[in-house]
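Inspection log for the structure reproduced underneath, given as structure tokens.
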Amino acid sequence: MEQNLRFVGEVLKRAGSIDPDAIDEVIASIESEGRDTRLSEALVRAGKSDEETIAQALGDGFGLRVQLDVPHEKIPREYLLECAFDFNFARLHQLLPVALEGDTVIVGVADPLDTWGLDGLRFRLRRELEPVVIPTTKLLDAISWTQTQIERAGHLQDEGGGAVEQEELRQDILESDDDAQIIRWVNSLFVEALKDRATDIHVQPDDNQVTVRFRVDGDLREVRTTPRRFLPAVVARIKVLSGLNIAEKRLPQDGRYGFKMGGKNVDIRVSTIPIGQDRGERVVMRILNKSSIQLDLRDLGFAPDRLDILHELIAQPHGIVLVTGPTGSGKTTTLYACLNRINRPDLNILTAEDPIEYDLRGISQMQVNTKAGLTFGACLRAFLRQDPDVIMVGEIRDKETAEIAVQASLTGHLVLSTIHTNDAAGALPRLAEMGIESFHIASTLQAALAQRLVRVLCPHCKERKHATEQDWARLGLDRQRAIQRLTREKTRYGSSAFGGSKAGPLLRELAEGRPVPVFKSAGCPKCQGVGFMGRTGIYELLLVSDAVRGLTLKSADSVTIRRAAIEEGMDSLRDDGARIVLEGTTTIEEVLAATQEEH
């Protein structure tokens, strides 16, 4: 291993695109720990380079072609089907036939020195191979996509070695004793969902068919249909995976299933309910991709100034910080990102969650179990005897939990939690409605953060459009208000409007009456024709200032508190949405849809 590491290291050094000292440092680390890992992967993990730079350097060093992307339309799926291509072998050696050129198979590789893998593939295919270097993540994605496409089409092998069509396959699944086919069909759901960045899988039985839908970027999309008679086999397989009772079909059930794909840990949270009129059971599976929770707060879309304030809030030794918003608005992700930010060995961090969505290393997490009497309040009482520094409560939903959270804050602990209100100002009267004294709210609550999620425009196909004055007015940024906003921003932050974000110069152009470009969705193959790819947050951060504290002591309503906070400089959700529209991140329509309740 040592000789191979140093040889690859010399190849990368000769390319001149990676710091030689960084290469030596990573090689020394691998050797000292005795790890069996590729140098390219270790360099990326250490933050010393990126996959594209390494791929180009390896291609130059070994005299091979380099592809920084994989054109899916060129992958020879029919050929791979005919030769019964082994996708497990492909993942193990990180290689995939990506094109056919005459009698030669073009093979994408992440590691050109994996000659054992190339020799094994040459023996299997009995054809001449030409390796091309492809970045590791792009190659693994292509492997998963190709396998999904083959299985989605239903092209699996029958006993005679020939391909069977989808309807024939489904008949075999239900009428044979062989479970392999149904296992592959269900597994392909998970692979396809991860490839499409889905957060939920819905299996919905109707009168004559079963419809499978994915929730992607907040929207449900139909991806498959199948005759209704196939439902029992599919549901039974999902129940077996998630540890549910396959004989119980009259009551709702909840379970969980975990697996690895492409080196990433994935959890599936399963919920089944019976549907009336003897339609069977409906299944919803929430996908918890554990790699996604390692987000930093900087990745969640905060304006620079608001991010700095939030960092200060969660670094305090005591107090309460609440995150508000409807279900599915990203509150849990924000709380996990906060915990990732402050997690260190000298802090004792405890969480009470229902359910535990992600495992956080170095943090003690407790699962709420109301049937056994383990409520949020009971968890908090136990936490106070565990010498905590930081406590995260999944939700404050009753007086008991709120009272203990206040007590924990008063005795020197930082408490992070969520609460269901429409805006940040609503968190204060909501606590009062639960029976918390106004002076306790005023003395313990440090801030309330309201948030929504909006879809991000696909960077590959978004198009410029002309925004009219009416468009800006709908967003709350007509010329007159832009001038007022710019004046307020300059007062708060000097010459950098919007707290230093790149929207500041565009805001000035809007105030001066000059046309400001915005973008609209278009649609392309990379975003599956939707025009959006991913989501980001818009935020409303209310700080409990002296003015807000005084209104709280007077039991003021949320409208009054909100007005006072805006006068002190709070950006509303729609204000923050205007910022990311100016930055070209999303559309005016997305922000308006996410902030309808403000108006």
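The values are calculated or read from the model by the stated rules, or taken from the named source; none is laboratory data. Keep in mind that this is a model prediction, so the values were computed, not measured. Cβ atoms come from the backbone with ideal geometry, glycine included; neighbour counts cover every protein chain shown. These accessible areas exclude ligands, DNA and RNA; they are computed on the full protein's heavy atoms, side chains included. Shrake-Rupley method; radii C 1.70, N 1.55, O 1.52, S 1.80 Å.
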Mind running the shape call on segment 269-396? Use the C-alpha gyration tensor, a ≥ b ≥ c as the square roots of the eigenvalues: rounded below 1.5 for a/c, prolate if a/b tops b/c, oblate otherwise. oblate
Assigning unit charges at the beta carbon (Lys, Arg +1; Asp, Glu -1) and nothing else, what dipole magnitude in debye, to the nearest 20, does segment 61-148 show about its Cα centre? 100
In straight Cα distance, which lysines are under 20 Å from residue 331, not counting same-chain residues fewer than 8 positions off? 290
Just want the answer: with Cβ charges of +1 for Lys and Arg and -1 for Asp and Glu, which residue in 246, 320, 54 is farthest toward the dipole's positive end in the chain? 320
The chain - percent relative contact order, Cα under 8 Å, separation 6 or more: 9
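Given segment 1-147, what percent of its DSSP beta bridges are antiparallel, to the nearest 5?
45
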One would report the antiparallel percent of DSSP beta bridges in the chain, rounded to the nearest 5, as 65
For residue 385 and residue 196 in one chain, what is 0.36 nm times their gap in residues minus the Cα-Cα distance, to one decimal in nm? 63.6 nm
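Under unit Cβ charges (Lys, Arg +1; Asp, Glu -1), what dipole magnitude, rounded to 20 debye, does segment 302-454 have relative to its Cα centre?
Taking the Cα centre of segment 302-454 as origin, the dipole is about 180 debye.
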Overall Cα dimensions of segment 333-484 - principal axes, largest extent first, Å: 60, 40, 33
To the nearest 20 Debye, how big is the dipole of the chain about its Cα centre, given +1 on the beta carbon of each Lys and Arg and -1 on that of each Asp and Glu? 1300
Under a 1.4 Å probe, what is the accessible area of segment 390-466 per residue, stated in Å²? 37
Extension length gain for residue 433 and residue 465 (0.36 nm per residue less Cα distance), in nm, is 6.9 nm
Return the distance in nm (one decimal) between the two label points of a simple spin-label model at residue 206 and residue 284, each offset 7 Å from Cα along Cα→Cβ. 1.9
For segment 224-357, the accessible surface attributable to carbon and sulfur atoms (probe 1.4 angstrom, ligands and nucleic acids excluded) amounts in percent to 50
1/(1 + (r/R0)^6) with r = Cβ-Cβ of residue 64 and residue 228, R0 = 30 Å, i.e. FRET efficiency to nearest 0.05, evaluates to 0.05
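Is the C-alpha gyration tensor of segment 68-113 telling us rounded, prolate or oblate? Criteria: a/c under 1.5 is rounded; beyond that, a/b larger than b/c is prolate, otherwise oblate.
Note, shape of segment 68-113 comes out oblate.
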Taking 0.36 nm per residue of separation between residue 487 and residue 374 and subtracting their Cα-Cα distance, the length gained on full extension comes to 35.5 nm
Taking R0 as 35 Å, what's the FRET efficiency between residue 10 and residue 79 from their Cβ-Cβ distance, rounded to 0.05? 0.45
Taking Cα atoms, the helix 136-152 axis meets the longest principal axis of the chain at an angle in degrees (rounded to 10) of 70
On Cα atoms only, tilt of 331-342 relative to the major axis of the chain in degrees: 90
Which labelled figure in [x] 31.0; [y] 32.4; [z] 27.8 is mean projected area of the Cα convex hull in nm², once derived from the coordinates: [y]
Which residue, chosen from 439, 204, 68, occupies the Cα position most advanced towards the positive end of the dipole of the chain, where the dipole is computed from +1 (Lys, Arg) and -1 (Asp, Glu) charges on Cβ about the Cα centre? 439
Take the alpha carbon gyration tensor of segment 200-286, find the square roots of its eigenvalues, order them as a ≥ b ≥ c, and report rounded if a/c is under 1.5; if not, report prolate when a/b exceeds b/c, else oblate. oblate
Ordering of 339-350, 452-463 by packing [mean C-beta count within 10 Å, highest first]: 452-463, 339-350
Taking the Cβ-Cβ separation of residue 308 and residue 593 as r and a Förster radius of 25 Å, what is the calculated FRET efficiency to the nearest 0.05? 0.30
Under the rule that a partner needs its Cβ under 4.7 Å from the first Cβ, which Cys of the chain have none? 83, 338, 379
Value of [θ]222 nm, deg cm²/dmol, for the chain, DSSP H segments ≥ 4, -39500 (n - 2.57) each, nearest 500: -12000 deg cm²/dmol
